[in-house]
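See structure below.
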Amino acid sequence: ARSLVDEGLVAKFVAVDMSRSSEEVFREAVGCIAGLGNDGITGQADAICTFVELSVALVARLCERFGLPGPTPHAVDTARDKYRTREALRAAGLPTPRNFLIRSERDLVKAANHVGFPAVLKPTSGAASLGVKKVSAIEDLRACYSEVIAELRSCVVVSGALVQDKGTGSGVAADCVIDLQVVLEQYLDGSEVDVDVVVSDGYWRYAAVTDNGPTVEPYFNETWGVCPSLLPLSKQRELKELAVAAVEAIGFDCGVFHVECKYTSTGPQLIEVNARMGGGPVYQHNLQTWGVDLVEETLLVALGIPARPPAPREPKVATAYFLVPAKASGSVSELPNTEKLALEDGTIWAKPLVQVGDRVTGPAEGLPTWLLDIMVIRPTAQEALDFVLAWEASHPVKVC
């Protein structure tokens, strides 16, 4: 972020140590924002926004503190708590999978009897599928519960991100920032999608569906995605309606949202609502396919300026990406030539996420490591998806 000052995009960079408790970070941020306009460089704050999941609650509190446009802390806290999200949907009469809040190991049998199997165990709050795992029986649930709690307790928050503690002494313990309770939910079959939504003045102004590829179970980190969706328009419409209704049920009347859903054998179901622009490929998906700049829309909403994304009736192009997961644990011995692919027409990016010699994890041992990140544009969604799948199949990462 400091480099943006040199580029002339940012007037001033103010460093805040995020490796502390939420209250300490909030107090320092309030002081920094209150001091703007006294340095001859900046003016008073007109808006506050974030693109980082673990800063969403902080920004909501800051907006409330300074009387600026933004979501209420209550709505943000509800969205970031998966159990409270389910309760909000149930109260609004929206479809809600069976679920049970697990406060301690004593609740496991009750949770299993209420939800049934297969089920998904997940933290009530978190990010990037950390600690999310499919369970198939009570013995599996007991083992996974201990594993997930231990994993979460071993995490720290560094620069607003939840990461594994590497023993460097940096960061603040995860339990100082997020709730370490977990929820057991009914496993949802069907196709997973993302619905990116822009809400302004209490109404949705934009919604676009991106298909997600199957995750490597029992974990749930993403693999590939394609936009526009290949689902029938009728199913896309149902998914958009559920996504918008979920945002409203939680209590939002403005903002940019990344809503994760599934179209199941019983219809659309919500996975979660993220009260910020999605990460990874989401920005490029929407920009390339629909010409909608979600960063720009985030800034407009934060400023209280009515957002009206100029999305065309038909997609401009189709985009597809592939975050290639490790199939087995081991050391990376050879990487494909992504530099050549990166130079080809129609490639947005193609880059390795690991280096030769790196130790990677396969699904038999834990959450799979992402090896490569590829994104391309093509005239149609099927062509884009076929290309990234075929390229990965013919250019494997060798792990031994």
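The values are calculated or read from the model by the stated rules, or taken from the named source; none is laboratory data. Please read these numbers as outputs of a predicted model, since none were measured by experiment. All Cβ positions, even for glycine, are placed from backbone atoms using ideal geometry, and neighbour counts span all protein chains on display. Ligands, DNA and RNA are excluded from the accessible area calculation, which covers all protein heavy atoms including side chains. Shrake-Rupley method; radii C 1.70, N 1.55, O 1.52, S 1.80 Å.
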Restricting attention to the stretch 217-238, which residues are touching a strand residue (DSSP E or B) at 6+ places or on another chain (Cβ under 8 Å) and either hydroxyl-bearing (Ser, Thr, Tyr) or farther than 21 Å from residue 316 by Cβ (or both)? 217, 218, 219, 220, 221, 222, 223, 229, 235, 238
Would it be correct to say that residue 270 is open to solvent by less than 40 Å² (accessible area, probe 1.4 Å), more than 23 Å from residue 376 (Cβ to Cβ), of a type outside the set (Val, Ile, Thr) and touching a strand residue (DSSP E or B) at 6+ places or on another chain (Cβ under 7 Å)? yes
I'm trying to understand the selection: among the residues of the stretch 316-346, which are open to solvent by less than 20 Å² (accessible area, probe 1.4 Å) and among the polar types (S, T, N, Q)? 319, 338
Would you check if there is a residue in the stretch 352-368 being modelled with pLDDT under 95 and hydrophobic (A, V, I, L, M, F, W, C)? yes
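Rundown of residues vs (1) among the hydrophobic types (A, V, I, L, M, F, W, C); (2) closer than 24 Å to residue 285 by Cβ; (3) over 23 Å from the mean Cα position of the chain (by Cα), yes/no style:
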{"position": "312", "(1), (2), (3)": "no, yes, yes"}
{"position": "350", "(1), (2), (3)": "yes, yes, no"}
{"position": "361", "(1), (2), (3)": "no, no, no"}
{"position": "374", "(1), (2), (3)": "yes, yes, no"}
{"position": "382", "(1), (2), (3)": "no, yes, yes"}
{"position": "390", "(1), (2), (3)": "yes, yes, yes"}
{"position": "393", "(1), (2), (3)": "yes, yes, yes"}
Helices (runs of 4 or more DSSP H) enclosed by the stretch 1-111 - at least 2 residues per element that are in contact (Cβ under 8 Å) with a residue 24 or more places away in the chain and of a type outside the set (Gly, Ala, Ser): 22-34, 56-66, 73-80, 82-91
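Could you please give the count of residues in the stretch 39-58 that are of a type in the set (D, E, K, R) and under 31 Å from the mean Cα position of the chain (by Cα)?
The qualifying residues number 2.
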Taking first residues from the stretch 343-368 that are over 28 Å from residue 319 (Cα atoms) and second residues anywhere that are of a type in the set (A, V, I, L, M) and surrounded by 15 or more Cβ atoms within 10 Å (Cβ to Cβ), the pairs with Cβ under 6 Å that are 6 or more apart or on different chains are 356/332; 358/332
Residue in the stretch 210-231 that is least open to solvent (accessible area, probe 1.4 Å), counting only those that are of a type in the set (S, T, N, Q) and outside any loop (DSSP other than H, G, I, E, B): 210
